[in-house]
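Read through the structure below, which is laid out as C-alpha cells, and then see the notes.
The values are calculated or read from the model by the stated rules, or taken from the named source; none is laboratory data. None of these values were measured; they are calculated from a predicted model. Because the Cβ atoms are built from the backbone with ideal geometry, glycine has one as well, and the counts that use them run over all protein chains shown.
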Amino acid sequence: MACLPVSDEQLERAAALLRTGGIVAFPTETVYGLGAVAFDGLAVARIFEIKARPRFDPLIVHVADRQQLAQCVIDVPPVAERLIAAFWPGPLTLVLRKCEAIGSLLTGGLATVAVRMPSHPVARALLERTGSPIAAPSANPFGGLSPTRAEHVAAALGDRVDMILDGGPTEYGLESSIILIEPTPTLLRHGAIPVEQIEAVIGPVQRDIPPGSATLAPGRLPHHYAPHTPLRLIAPERVPMQERTEAASLAFRRVQSGYRAALALSPSGDLRIAAAHLFDALHRLDAAGATRIDVEPVPESGLGSAIMDRLTRGSAR
Ligand code: AMP
Ligand code: MG
C-alpha cells in the first residue's frame, strides 16, 4: 500500500515532542501507534490515560536497532536471535526479560518486556531522531477498532495527542504477532506474521497458554477490537433477505446484496489483502448507522487465523 512521505520538519517536530514528554501518533507497518519515550514514566502513564487502558495490559516497545534493543532487555536468547534474523525489522514482537530502565508501569508489573523493530520508514526515522526506544500501543481507545489510517486516529483521539504523523494507510493492517521466548516459545497473539512462518524458523511453538499463567499473557481479553455497532460472525447464506435491510455486511470475497451498507475484503480471496482492509472496512461500516454488522468468517489458515482472532473478539459481548 502506498506510504505517504512525511517531511523532515514534521519528523523533527515529532521527535522533539517525544523527547520532552509528548505523545505522538505515528504509522507503522501494522497499525498506527501512540508513542511515548519508553523511559519516560510520566509520558507512559499518559498513554494509559489517553487510551483508558487497564494498567495490567503492558505496552510494546519499538526499537530502531540492536543498540536500542540492548537498552530494554537483559539478554537475547538463541531462539530470539533466530527470529530476529528472520523477521526484523518487521511485524513480530518478542517478549524478553526486561532491563532495570524499563519501568513496571510499562510492563504491567511483569519482569519481561515486549519489543519489536518496525520496518515502516516513518517509524524508523522517528526512532532514530528521537534517539530512544518508543513505547507504543495501537492509537485507539482501549478495546476499540485499531487505526490503520491517520484519519482513524484523528477521529478517536485527535484532541488528546500532541501530534499525528500521517504516513497513509498501513501495509499489514493487523497488529504484530507476539511470541513469548522463555521458558518455552509461546504464541501470545496471532498477528501479521502467520504462526506457520514462525514455526518454519524455530520449530513448534506452544499455542495455548497453560491455565493459571494468565499473567504471562495479559491483554488477551475475550472482548476487544470491537466497533460500536454489534458484530455478528455468520455465513452470508444463513441470513434471510428480510433480516438484511437495517444491517451492514462485511464479506470475504463477494459483496452481499440487500444490506444497507456492504463491503468485501478481497474479491480475489487473498488473505493478505483482506487483513490490510479489515479495520478500515469495519471503521466504515461502523459509521453506516446500521443495527449490526454481519461478518463472513474467513478460512483459518495463515493470516486467516489472525483475522478470525480479531473478528471473534470483536463479536464477543
Ligand atoms: P498492543 O496493544 O498492540 O500494544 O499490544 C500489547 C500486547 O502485548 C498486550 O496486550 C499483551 O498481550 C502483550 N504484551 C506486552 N508486553 C507483554 C509482556 N511483558 N508479557 C506478555 N505479553 C505482553
Ligand atoms: Mg491495541
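Working carefully through the options GLU182, GLU128, find the one that is away from ligand 1 (no atom under 16 Å from the Cβ) and either out of contact with any Cys (no Cβ under 6 Å at 6 or more places or on another chain) or not aliphatic (A, V, I, L, M) (or both).
Only one candidate passes the filter, namely GLU128.
For the structure I just gave you, tell me whether LEU265 is within 30 Å of GLU151 (Cα to Cα) and either without any contact (Cβ under 8 Å) to a residue 40 or more places away in the chain or touching a His at 6+ places or on another chain (Cβ under 9 Å) (or both). Don't jump to the end; show me each part of the working.
Working: within 30 Å of GLU151 (Cα to Cα): yes; either without any contact (Cβ under 8 Å) to a residue 40 or more places away in the chain or touching a His at 6+ places or on another chain (Cβ under 9 Å) (or both): yes.
For LEU265, the condition - within 30 Å of GLU151 (Cα to Cα) and either without any contact (Cβ under 8 Å) to a residue 40 or more places away in the chain or touching a His at 6+ places or on another chain (Cβ under 9 Å) (or both) - is met.
State all residues of segment 163-177 that are of a type in the set (S, T, N, Q), under 25 Å from LEU17 (Cβ atoms) and in contact with a helix residue (DSSP H, G or I) (Cβ under 8 Å, 6 or more places away or on another chain); if no residue qualifies, say none.
Just the residues of segment 163-177 that are of a type in the set (S, T, N, Q), to begin with: 170, 176-177.
If we keep only those that are under 25 Å from LEU17 (Cβ atoms) too, we end up with 170, 176.
Answer for segment 163-177, where residues must be of a type in the set (S, T, N, Q), under 25 Å from LEU17 (Cβ atoms) and in contact with a helix residue (DSSP H, G or I) (Cβ under 8 Å, 6 or more places away or on another chain): just THR170.
Which residues, taken from segment 173-186, are under 27 Å from PHE26 (Cβ atoms) and touching a Leu at 6+ places or on another chain (Cβ under 8 Å)? If you could, list the steps in order and put the result at the bottom.
Of all residues in segment 173-186, those under 27 Å from PHE26 (Cβ atoms) come to 173-181.
Residues satisfying the conditions are GLY173, LEU174, SER176, SER177, ILE178, ILE179, LEU180, ILE181.
Would you mind finding the one in ILE60, ILE23, ILE50 that is touching a residue at least 12 places away in the same chain (Cβ under 8 Å), in contact with an Asp or Glu (Cβ under 7 Å, 6 or more places away or on another chain), within 16 Å of ligand 2 (Cβ to nearest atom) and under 24 Å from LEU174 (Cβ atoms)? Let's see the steps before the verdict.
Details: ILE60 fails: in contact with an Asp or Glu (Cβ under 7 Å, 6 or more places away or on another chain); ILE50 fails: in contact with an Asp or Glu (Cβ under 7 Å, 6 or more places away or on another chain).
Every option except ILE23 fails the conditions.
Quick test of your reading of the structure: ILE193 fulfils all but one of (1) in a helix (DSSP H, G or I); (2) within 28 Å of PRO89 (Cα to Cα). Name the failing condition by number.
(1)
Starting from segment 72-90, take each residue that is closer than 20 Å to ALA135 by Cβ and list its partners that are part of a loop (DSSP other than H, G, I, E, B) and of a type in the set (Ser, Thr, Tyr), counting only C-beta distances under 7 angstrom and pairs at least six apart or across chains.
PRO89/SER119; GLY90/SER119
Exactly one of (1) closer than 16 Å to ALA192 by Cα; (2) buried (at least 20 other Cβ atoms within 10 Å of the Cβ) is unmet by GLY314. Its number?
The failed condition is (1).
Which of the residues that make up segment 136-194 are within 13 Å of ligand 2 (Cβ to nearest atom) and of a type in the set (D, E, K, R)?
Residues satisfying the conditions are GLU175, ARG189.
If ASP75 satisfies every condition in (1) within 16 Å of ligand 1 (Cβ to nearest atom); (2) under 23 Å from GLY143 (Cα atoms) but one, which is the exception?
The failed condition is (2).
Mind checking which pairs have a first residue in segment 162-174 that is within 12 Å of ASP280 (Cα to Cα) and a second that is in a loop (DSSP other than H, G, I, E, B) and β-branched (Val, Ile, Thr), Cβ under 6 Å, 6 or more apart or different chains?
So the pair list comes out as PRO169/THR148; THR170/VAL31; THR170/THR148; TYR172/THR30; GLY173/THR148.
What residue, of ALA85, ALA101, ALA80, ALA16, is at pLDDT 95 or above and touching a Phe, Trp or Tyr at 6+ places or on another chain (Cβ under 7 Å)?
Values: ALA85 fails: touching a Phe, Trp or Tyr at 6+ places or on another chain (Cβ under 7 Å); ALA80 fails: touching a Phe, Trp or Tyr at 6+ places or on another chain (Cβ under 7 Å); ALA16 fails: touching a Phe, Trp or Tyr at 6+ places or on another chain (Cβ under 7 Å).
Testing whether each residue is at pLDDT 95 or above and touching a Phe, Trp or Tyr at 6+ places or on another chain (Cβ under 7 Å) leaves just ALA101.
Can you name every residue in segment 235-281 that is surrounded by 15 or more Cβ atoms within 10 Å (Cβ to Cβ), within 20 Å of GLU300 (Cα to Cα) and in contact with an Asp or Glu (Cβ under 8 Å, 6 or more places away or on another chain)?
PRO236, SER249, LEU250, ALA251, PHE252, ALA276
What residue, of VAL95, VAL79, VAL113, is more than 27 Å from ALA45 (Cβ to Cβ) and surrounded by 13 or more Cβ atoms within 10 Å (Cβ to Cβ)?
Working: VAL95 fails: more than 27 Å from ALA45 (Cβ to Cβ); VAL113 fails: more than 27 Å from ALA45 (Cβ to Cβ).
The conditions single out VAL79.
Would segment 161-168 turn up any residue that is at pLDDT 95 or above, part of a helix (DSSP H, G or I) and more than 16 Å from ligand 1 (Cβ to nearest atom)? Please lay out each step first, then the result.
As a first pass, look at segment 161-168 and keep what is at pLDDT 95 or above: 161-168.
Next, only the ones that are part of a helix (DSSP H, G or I) stay: none.
Checked segment 161-168: no residue is at pLDDT 95 or above, part of a helix (DSSP H, G or I) and more than 16 Å from ligand 1 (Cβ to nearest atom).
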